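See structure below.
Every read-out reported here was derived from the displayed coordinates using simple, explicitly stated rules and does not represent laboratory data. What you are looking at is a predicted structure, and each value in this text was computed from that prediction instead of being measured. Note: ideal-geometry Cβ built from the backbone for every residue, glycine included; neighbour counts use all protein chains shown.
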């Protein structure tokens, strides 16, 4: 993958459940992380006393962090209500020239910040809450 514009990595939400995704307004940065837990299958018979892992047995998860500014009252209200209600929503993360990750996520953190001489900012953390799909672009 060659160098890409950071602004082309988009975070979108299906706010109505209709399958129509809307870009979260005002994001300035975001980071997507994939994780998998390992399952240790080592025993006294493990060759050379090296740890052995059980292939494909660990739980998979993804998390996303983003930060930016609110551009309209609608996106502010949508994120706030989803956080306080603990709602699982369908999200898309578009990674330019790579693919689209889609699935249910829950907002696990929503932080607000402000300086006296600047705009109000927010930081958002999402945790995967089910099966994610990956579609190549």
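Is the shape of the stretch 6-136 best called rounded, prolate or oblate, per the rule: a/c under 1.5 gives rounded, else a/b larger than b/c gives prolate, else oblate, with a ≥ b ≥ c the square roots of the Cα gyration tensor eigenvalues?
prolate
What does the helix-only formula give at 222 nm for the chain: each DSSP H stretch with n ≥ 4 adding -39500 (n - 2.57), the total divided by the residues, and the result rounded to the nearest 500 deg cm²/dmol?
Result for the chain, helices only: -3000 deg cm²/dmol.
Compute the FRET efficiency between residue 54 and residue 7 as 1/(1 + (r/R0)^6), taking r as their Cβ-Cβ distance and R0 = 35 Å, and round to the nearest 0.05.
The formula returns an efficiency of 0.30 here.
Quick one: helix 73-85 against the long Cα principal axis of the chain, what's the angle to the nearest 10°, folded into 0 to 90?
Tilt of helix 73-85: around 40 degrees.
Given a Förster distance of 30 angstrom, what is the FRET efficiency for residue 136 paired with residue 31, based on the Cβ-Cβ distance and rounded to 0.05?
E(calc), rounded to 0.05, equals 0.90.
Mean-square fluctuation check for the chain, GNM, Cα pairs under 10 Å: which of 117, 40, 72 is largest?
117
Which of these, 68, 113, 26, has the largest mean-square fluctuation under a Gaussian network model of the chain (Cα springs below 10 Å)?
Maximum among the listed residues: 113.
Cut-off is 10 Å between beta-carbons; in what order do 131, 39, 101 appear when sorted fewest neighbours first?
Exposure proxy ranking, most exposed first: 131, 39, 101.
With springs connecting C-alpha atoms under 10 Å apart, model the chain as a Gaussian network and identify which of 88, 27, 53 has the largest mean-square fluctuation.
Highest fluctuation among the options: 53.
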